[in-house]
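For reference, the structure discussed in these notes is given below.
The values are calculated or read from the model by the stated rules, or taken from the named source; none is laboratory data. All values derive from a computational prediction rather than experimental measurement. Methodologically, a virtual Cβ is constructed for each residue, glycine included, from the backbone with ideal geometry; neighbour enumeration extends over all protein chains shown.
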Amino acid sequence: MRTHQEIDARSLALHRLVADKLRQEPARLEDVKATLARWRQTVCPATQPYLREWELLIEQGLERCLAVAVEESEHATALRQQVVAFWAGAQQRRTFPVPQDLEEQRPPCNAANLNT
């Protein structure tokens, strides 16, 4: 089984890939907004504050949002964990497919238990 540090490192790596992609194609931020809106309809109440915080960060602008996305702090790690946990569950349910260009680059991950 992976350690928390390894899971956090994988989450950070994934967020760095997404940040790089968004810097190359800032218009894709609209896709992120739409995804957050969809997720807010289906996540458990405990996750809602994390998604709201991501929405507030996006409202502050792309660079502010991406700075937090790749920040190495406890708070940023907690924000990433919530997103990745929901994303992994959605992947398992096939409700949030990964865009092909990110699928090819993302760190290997077993959505069920994050141990591969």
Legend entry - Hits in segment 58-77 - residues which are among the hydroxyl-bearing types (Ser, Thr, Tyr) and loosely packed, with under 15 Cβ neighbours inside 10 Å: SER73
Legend entry - Enumeration of residues in segment 1-50 that are surrounded by 14 or more Cβ atoms within 10 Å (Cβ to Cβ), over 16 Å from LEU62 (Cα atoms) and polar (S, T, N, Q): SER11, THR47
Legend entry - Answer from ALA34, ALA85, ALA27, ALA67 - the residue that is out of contact with any His (no Cβ under 8 Å at 6 or more places or on another chain) and modelled with pLDDT under 85: ALA85
Inset, instruction - Of the numbered conditions (1) without any contact (Cβ under 8 Å) to a residue 40 or more places away in the chain; (2) assigned to a helix (DSSP H, G or I); (3) over 13 Å from VAL84 (Cβ atoms), LEU22 fails exactly one; give the number of that condition. - result: (1)
